[in-house]
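The values are calculated or read from the model by the stated rules, or taken from the named source; none is laboratory data. Because the structure is predicted, anything quoted here is derived from the model rather than measured. Note that each Cβ is placed from the backbone with ideal geometry, even for glycine, and that neighbours are counted across all protein chains shown.
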Amino acid sequence: MKKLTTIKSILLALLILSLSACNSSNSNTATPKNSDAKGTTGGNVKTGAKPAPDAQVAVIETADYGKIVVELYPNIAPQMVERFKKLINEKFYDGTAVHRIDPNLGIIQSGDALTKKNNSATWGTGTSPYPNVPAEFSDIPYDRGTLGAARTQDINGANCQWFITLKKQPAFDKKYTVFGKVIDGIKNAEVIMTAPTEQGSERPADKIVIKSVTLQPRSNFQ
């Protein structure tokens, strides 16, 4: 009887392991929603580093809500900053839209090239032509104005999408790459967060277009 019980325990453990593997997601949705509560800290977390702003800032110019200026932290997340700047220089973000508004979490999210099209069902699932960016976690907290890299449930699943937190979000700390912060236009981002959404959805009811994202000298925004 004892031997039979042991065999049953082993089989149950194997079944649980199998189900866990089947339920893991590798789909490139690149949205914090898929893993806010499920994300786990992986790899090394950079601790004690003070953000050192890049010589350039990213100026996000919207069609109807003004501009949002973010400084970038290459000493904290060098690979994500490099990717972001590369895509900006390629005008990848020009004409995209904010595809997610979540007042409860206090975030707005954008950076998906699929938002240039009208099929909103696909918004939030797009990537860039380049490989995913490995996690660059740090102990910099998600606070009002923090710029983060959206990712899949894979901790190394960041690619091109980004989000801004408009209030403290401890659930994201050490689980999503911080690579910048808003230094101008935070109130514009907060107005975007109050925009109406489609019923039962986090997609804006009216398209919030980002006309352009450009790199400009940080000295222009002291």
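What tally of residues in segment 145-160 results from selecting those that are under 25 Å from Val59 (Cα atoms) and charged (D, E, K, R)?
Let us first name the residues in segment 145-160 that are under 25 Å from Val59 (Cα atoms), namely 145-151, 157-160.
Checking the rest, the ones that are also charged (D, E, K, R) come to 151.
Of the residues in segment 145-160, 1 are under 25 Å from Val59 (Cα atoms) and charged (D, E, K, R).
Among what's in segment 125-144 and is crowded, with 20+ Cβ neighbours inside 10 Å and touching a Lys or Arg at 6+ places or on another chain (Cβ under 6 Å), pick the residue that is farthest from Lys46 (Cα to Cα).
Among those that are crowded, with 20+ Cβ neighbours inside 10 Å and touching a Lys or Arg at 6+ places or on another chain (Cβ under 6 Å), it is Val133.
Say whether the condition of being among the hydroxyl-bearing types (Ser, Thr, Tyr) and assigned to a helix (DSSP H, G or I) is met by at least one residue in segment 80-96.
Checking segment 80-96: not a single residue is among the hydroxyl-bearing types (Ser, Thr, Tyr) and assigned to a helix (DSSP H, G or I).
Hey, can you tell me all the residues within segment 151-167 that are farther than 16 Å from Val70 by Cα and touching a helix residue (DSSP H, G or I) at 6+ places or on another chain (Cβ under 7 Å)?
Thr152, Gln153, Ala158
If Gly180 passes every condition in (1) part of a strand (DSSP E or B); (2) more than 19 Å from Lys46 (Cα to Cα) but one, which one does it miss?
(2)
Pick from segment 159-177 the residues that are of a type in the set (Val, Ile, Thr) and not in a loop (DSSP other than H, G, I, E, B): which of them is farthest from Val98 (Cα to Cα)?
Taking the candidates together, the pick is Thr165.
Would you point out the residue of segment 117-137, among those that are in contact with an Asp or Glu (Cβ under 9 Å, 6 or more places away or on another chain) and not in a loop (DSSP other than H, G, I, E, B), that is nearest to Val98 (Cα to Cα)?
The extreme case among them is Ser120.
Taking Ile108 and the conditions (1) buried (at least 20 other Cβ atoms within 10 Å of the Cβ); (2) free of Cβ contacts under 8 Å to residues at least 12 places away in the same chain, which numbered condition does it fall short on, given that it satisfies the others?
It is condition (2) that Ile108 fails.
Would you check if Asn156 is at pLDDT below 95, out of contact with any strand residue (DSSP E or B) (no Cβ under 6 Å at 6 or more places or on another chain), surrounded by fewer than 20 Cβ atoms within 10 Å (Cβ to Cβ) and not in a strand (DSSP E or B)?
no
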